[in-house]
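Take a look at the structure set out below.
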Amino acid sequence: MDYIAIKTKLQNYTVGIAGAGGLGSNCAAALVRVGIGKLIIADFDVIEESNLNRQFYFRDQLGEKKVLALRQNLERINPDVELEMHDCKLGHEEIISIYHSCDVIVEAFDKAEMKQMIIDTVLTEFPEKSLVVGLGLAGFGQSNSIRLHQNGKMYICGDRQTETSTTWPPIAPRVGMVAHMQANTVLEILLNK
């Protein structure tokens with residue numbers, strides 16, 4: 001399948017991304033670059049200077065809502081992509097309402113309890129949908145520890161061990177590796193349908 005055929009096929013799909021931080025913003029950029037038809041993204045946060053080490057934002061966007069700034073950045077890559085942005089904090093009901101029409105859902109949260117909440121919600125409410133999760137991306141080095149693990153319709157990208165902390169923060173190289181692995185996994189799911 002050549003790039004034109006890939007892009008043509010991807011234009012028919014909708015991907016949901018829960019979170020617009022390091023994983024979500026970089027995964028979204030990769031998917032827009034390859035021609036995904038529609039992205040549905042939700043996040044409630046604003047851009048802070050500490051985000052610039054790993055998120056797809058720029059210094060002149062500090063203080064802006066992530067979903068608004070990300071829309072601008074993604075449209076600069078591909079003005080034809082359809083973007084549905086939600087400035088909200090996601091809970092069980094919001095996930096059901098916002099992501100019901102998605103072909104694949106990408107989990108891109110920072111906090112463990114939020115990750116668990118979306119996993120539980122998607123597996124319970126949308127058992128037919130594929131869920132791509134990021135887990136284990138803190139620090140630096142250990143590139144070979146980042147792998148894809150599949151459990152039914154759930155795909156886990158990362159090393160499944162390294163949790164972020166003040167001494168082991170999330171930074172661009174490993175966050176980017178996991179975000180791009182998530183995007184690559186989405187492509188594999190959609191292009192093999």
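Things worth noting here:
- Single condition Val81 does not satisfy, out of (1) free of Cβ contacts under 8 Å to residues at least 24 places away in the same chain; (2) within 19 Å of Leu10 (Cβ to Cβ); (3) crowded, with 18+ Cβ neighbours inside 10 Å: (1)
- Complete set of residues in region 135-176 that are closer than 29 Å to Glu125 by Cα and among the hydrophobic types (A, V, I, L, M, F, W, C): Leu135, Leu137, Ile146, Leu148, Met154, Ile156, Cys157, Val175
- Qualifying residue in region 52-71 (condition: assigned to a helix (DSSP H, G or I), touching a Leu at 6+ places or on another chain (Cβ under 8 Å) and of a type in the set (Asp, Glu)): no
- Residues satisfying the stated conditions in region 74-94, i.e. within 20 Å of Ile36 (Cβ to Cβ) and under 15 Å from the mean Cα position of the chain (by Cα): Leu74, Leu83, Glu84, Met85, His86
- Candidates Ser97, Ser25 - the one that is in a helix (DSSP H, G or I), polar (S, T, N, Q) and surrounded by fewer than 21 Cβ atoms within 10 Å (Cβ to Cβ): Ser97
- Here Ala183, Ala179, Ala172, Ala138 are screened, and the one residue that is surrounded by 12 or more Cβ atoms within 10 Å (Cβ to Cβ), touching a Phe, Trp or Tyr at 6+ places or on another chain (Cβ under 6 Å) and among the hydrophobic types (A, V, I, L, M, F, W, C) is Ala138.
- Some residue of region 148-157 being among the basic types (Lys, Arg), under 17 Å from the mean Cα position of the chain (by Cα) and under 26 Å from Leu52 (Cα atoms): no
- Matching residues, region 68-108, being closer than 21 Å to Val46 by Cα, in contact with a strand residue (DSSP E or B) (Cβ under 6 Å, 6 or more places away or on another chain) and of a type in the set (Val, Ile, Thr): Ile98, Val106
- Filtered by the rule that a residue be surrounded by fewer than 24 Cβ atoms within 10 Å (Cβ to Cβ) and either modelled with pLDDT of 95 or more or basic (Lys, Arg) (or both), region 1-20 gives Lys7, Lys9, Leu10, Gln11, Asn12, Tyr13, Thr14.
- Only one of Ala112, Ala42, Ala108 that is out of contact with any helix residue (DSSP H, G or I) (no Cβ under 7 Å at 6 or more places or on another chain) and of a type in the set (Gly, Ala, Ser): Ala112
- When region 100-127 is limited to residues that are under 23 Å from Leu83 (Cα atoms) and among the acidic types (Asp, Glu), the one that is surrounded by the most Cβ atoms within 10 Å (Cβ to Cβ) turns out to be Glu107.
- Identity of the residue in region 133-146, assigned to a strand (DSSP E or B) and touching a Cys at 6+ places or on another chain (Cβ under 8 Å), that ends up nearest to Met117 (Cα to Cα): Val133
- Some residue of region 111-132 being within 19 Å of Ala30 (Cα to Cα), in a loop (DSSP other than H, G, I, E, B), of a type in the set (A, V, I, L, M, F, W, C) and touching a residue at least 12 places away in the same chain (Cβ under 8 Å): no
- Residue that is modelled with the highest pLDDT [pool: residues in region 159-181 that are among the hydrophobic types (A, V, I, L, M, F, W, C) and assigned to a loop (DSSP other than H, G, I, E, B)]: Ile171
The values are calculated or read from the model by the stated rules, or taken from the named source; none is laboratory data. The model shown is predicted, which means the values in this text are computed figures rather than measured ones. Cβ atoms come from the backbone with ideal geometry, glycine included; neighbour counts cover every protein chain shown.
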